[in-house]
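To start, the structure itself, in structure tokens.
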Amino acid sequence: MIDGDASVDAVRELLAEAHGGVVPIVAAGHPVLRSRAVPYAGQLDSETFGELIEVMRATMHDAPGVGLAAPQIGIPLQIAVIEDLYEVGADVARVRERTPLPFRVLINPRYTPVGPRTADFYEGCLSVPGYHAVVTRAAEVRLECTDETGRAIDEVVSGWPARIVAHETDHLHGTLYVDTAHTRSLTTNETYGELWSDPTPERAAHALGFATDDRR
């Protein structure tokens, strides 16, 4: 458990090893990715906390990705960063409801589905490099957390940002996207790019033999 002076030393050691503000990402199979992270309650001093957030953001950008949870860099605290400003095609943006998501810090986040709508799309994970798989997720979620300043957040997030929120929050509870993915949809990044990067996974479902649960 991260606690007290030892936790500060552990995080500072990680930060000291950062190269250009970037640290290694932990891959699937490491126990830290399969454990419930500890709620963040000010275990780090403000300077160290700020440095950790900046390193998480830089590491996310370097990967590149649209979210990163603290356990993915070996720190079992309930902290995540998200940001999605990548340009995508108009059809992809429309069908996946992929709207720009400015940088945000989520402290002790939790989410609950809002309404019956679900959506099936391919997603990947920085801790499971080289693969994509289809995951059914709520199209809208209620996000409750605090931000890096301690301000309480309680809002409804929809579309692709809702998927990012759910994916990163799951990390903080020891869950990887492959745990709930349609396993027959699993594909390498290369094959995904060659065959299955359509706005929806309908062709992949037919060809690979899995059923989607999309209710939009």
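The values are calculated or read from the model by the stated rules, or taken from the named source; none is laboratory data. Everything numeric here is computed off the predicted structure, so don't read it as measured data. Here the Cβ is made from the backbone with ideal geometry for all residues, glycine too, and neighbour counts use every protein chain on show. Surface areas here come from the heavy atoms of the whole protein model, side chains and all, with no ligands, DNA or RNA. Shrake-Rupley method; radii C 1.70, N 1.55, O 1.52, S 1.80 Å.
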Suppose the filter is in a helix (DSSP H, G or I) and free of Cβ contacts under 8 Å to residues at least 60 places away in the same chain; does Glu144 pass it?
no
When only residues in the stretch 63-107 that are open to solvent by 10 Å² or more (accessible area, probe 1.4 Å) and acidic (Asp, Glu) count, which is nearest to Ile53 (Cα to Cα)?
Glu83
Within the stretch 153-181, residues buried (at least 20 other Cβ atoms within 10 Å of the Cβ) and closer than 21 Å to Ala204 by Cα come out as Trp160, Arg163, Tyr177, Ala181
If the requirement is being part of a helix (DSSP H, G or I) and within 21 Å of Thr187 (Cβ to Cβ), which of these qualifies: His132, His167?
His167
Pick from Arg203, Arg184: which is more than 21 Å from the chain's Cα centre (by Cα) and surrounded by fewer than 13 Cβ atoms within 10 Å (Cβ to Cβ)?
Arg203
